[in-house]
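The values are calculated or read from the model by the stated rules, or taken from the named source; none is laboratory data. Note that this is a predicted model, so its numbers are computed, not measured. With ideal geometry, Cβ positions are generated from the backbone for all residues, glycine too; neighbour counts draw on all protein chains shown.
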Amino acid sequence: MEQQLYSIVYCSRNRMYGDSTEIKEELESILASSRKNNQLAGISGALLYNAGSFAQVLEGPLDAIGRVFEVIQRDSRHSEVTVIQSGPIEKRQFPEWSMAFTGSTSAEGTPVASAAFDAVFAHADLAGEQMLSTLQELIISNEEWVLLD
């Protein structure tokens, strides 16, 4: 019998400090570690970094997602960690990626992502589907998986 899949979508504020080059290097370090650890744990997902905020979807077994999310909540690079959607899922939205990524280290970010973050931090209870569809749209449109600066 296959294990039930779960998903959690959250947003948080960035607490990394430095110029855009230093932040990009830190993001690359986060991605390298996440991709390795997620693959071992059977987790897929996507990460968006935009104008000082993170959004992430994690998909996989509930116990694995729970362990990863506990680490994220204790990570000093995040503040205001806000869960906007969680629960069982029928299928993965990002099955091919242990951690897909799109983002911008510029102060303005990208308009689509900025609008999604504004909605999340204003009305987290209503923004889960909007952030998930924004992540899907941005990941699919950015085949290079690099920063959008």
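The table that follows gives values for the structure above.
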item	result
Set Asp118, Asp63: member being charged (D, E, K, R) and at pLDDT below 85	Asp118
Hits in region 9-48 (condition: within 20 Å of Glu96 (Cβ to Cβ), in contact with a helix residue (DSSP H, G or I) (Cβ under 6 Å, 6 or more places away or on another chain) and in contact (Cβ under 8 Å) with a residue 40 or more places away in the chain)	Val9, Ile43, Ala46, Leu48
Single unsatisfied condition, Gln56 versus (1) in a strand (DSSP E or B); (2) of a type in the set (S, T, N, Q); (3) surrounded by fewer than 22 Cβ atoms within 10 Å (Cβ to Cβ)	(3)
Selection count, region 8-30, where residues are buried (at least 19 other Cβ atoms within 10 Å of the Cβ) and under 19 Å from Ala64 (Cβ atoms)	3
Ile72, sole failed condition from (1) under 15 Å from the mean Cα position of the chain (by Cα); (2) closer than 16 Å to Gly103 by Cα; (3) in a helix (DSSP H, G or I); (4) β-branched (Val, Ile, Thr)	(2)
Selection count, region 75-97, where residues are over 16 Å from Tyr6 (Cα atoms), more than 13 Å from the chain's Cα centre (by Cα) and in a strand (DSSP E or B)	2
Matching residues in region 1-33 - criterion: being assigned to a helix (DSSP H, G or I) and farther than 18 Å from Glu59 by Cα	Ser20, Thr21, Glu22, Ile23, Lys24, Glu25, Glu26, Leu27, Glu28, Ser29
